[in-house]
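Below is one structure, written out as structure tokens, with a few remarks after it.
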Amino acid sequence: MKLELKKIKYCKWMSEETHCYNAIVYVDNKAMIEVSNEGHGGGNSEWAIKPFTQQDVDKVNAWCKKNLPQWEGFDNKMFPTDLEIWCGEEMNKYLTDKYLKKDFKKDIKSKILFVENKELRQITFKKCKILTDAHFKYFKSKHPNISALNFMPQDKAFKIYEQYMK
């Protein structure tokens with residue numbers, strides 16, 4: 001069974017103890033379940049999308065519990081991953097990616113980013129919002145043997161950034 005969380009609508013300002021969101025769970029490429037959470041710490045609401053029924057939702061939930069890795073709770077006790085936990089983890093991934101990409105775009109414009117001694121490092125310039133050739137010239141003069149993420153294709157640079165920021 002292939003599960004995907006799509007058509008995500010997230011409300012940051014209403015998210016208190018849980019994510020406030022609405023989304024669609026696709027099962028084997030078919031929109032089957034609408035899920036939402038009000039963001040106040042309560043559980044998800046899950047509705048079958050016609051022509052599917054609540055029995056189909058229950059089957060997906062049972063499949064999740066049987067096939068997805070368990071998660072560790074208090075006192076090292078293991079719990080099955082149900083549909084609600086899976087949706088929460090997918091929301092975590094979605095939000096991490098969304099905000100990580102936003103941070104990357106901002107950082108790559110205003111900071112020189114590079115890896116040194118297995119750490120992501122940065123050089124910042126006071127009141128700099130957009131780097132210029134003079135900034136890059138300064139970096140190359142101080143670090144001639146280091147390749148900055150700023151000089152790489154964006155997809156490759158983002159993968160490195162993501163590796164160190166997650």
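Just so it is clear, none of the values below were taken in a lab; they were calculated from the coordinates. For clarity, every value in this text was computed on a predicted model and none was experimentally measured. Neighbour counts run over all protein chains shown; Cβ positions are idealised from the backbone, glycine included.
Relative to the dominant Cα principal axis of the chain, helix 154-165 is inclined by about 70°. For the chain, adding -39500 (n - 2.57) for each run of n ≥ 4 DSSP H residues and dividing by the number of residues yields -13000 deg cm²/dmol at 222 nm. Rounded if a/c is under 1.5, else prolate if a/b is larger than b/c, else oblate: which is the stretch 3-99, with a ≥ b ≥ c the root eigenvalues of its Cα gyration tensor? Verdict is oblate for the stretch 3-99. Is any residue of the stretch 151-166 close enough, with backbone N under 16 Å, to a label point placed 7 angstrom from the Cα of THR96 along the Cα-Cβ axis, and if so, which? Hits in the stretch 151-166 for THR96 at 16 Å: 159-166.
Of all the Cα-Cα pairs you can form in the chain, what percent are over 22 Å apart? Everything past 22 Å amounts to 58 percent.
Oblate is the label for the stretch 104-165, because the ratio a/c of its alpha-carbon gyration tensor axes (a ≥ b ≥ c) is 1.5 or higher and a/b is not greater than b/c.
Between LYS166 and PHE136, the C-beta separation translates, for a Förster distance of 22 Å, into a calculated FRET efficiency of about 0.25. Test of understanding: extend the Cα→C-beta vector of GLN154 to 7 Å, then name every residue of the stretch 103-144 with backbone N under 11 Å from that spot. Of the residues in the stretch 103-144, 105-106, 109 have backbone N under 11 Å from the label point off GLN154. Charge tally for GLU38 (other residues, Cβ to Cβ under 15 Å; Lys, Arg +1; Asp, Glu -1): -3. Once the Cα atoms are used to define both axes, helix 54-67 deviates from the longest principal axis of the chain by about 60 degrees. Potential lengthening of the chain between CYS11 and GLN70 amounts to 18.4 nm, from the contour at 0.36 nm per residue minus the alpha-carbon distance.
Going from the fewest other Cβ atoms within 10 Å to the most, the residues LEU113, LEU95, LEU83 appear in the order LEU95, LEU113, LEU83. Ordering CYS87, CYS128 by the number of other Cβ atoms within 10 Å of each residue's own Cβ, fewest first, gives CYS128, CYS87. Compared with the dominant principal axis of the Cα atoms in the chain, helix 83-110 is inclined by about 20°.
For PHE125, PHE158, the sequence from fewest to most other C-beta atoms within 10 Å is PHE125, PHE158.
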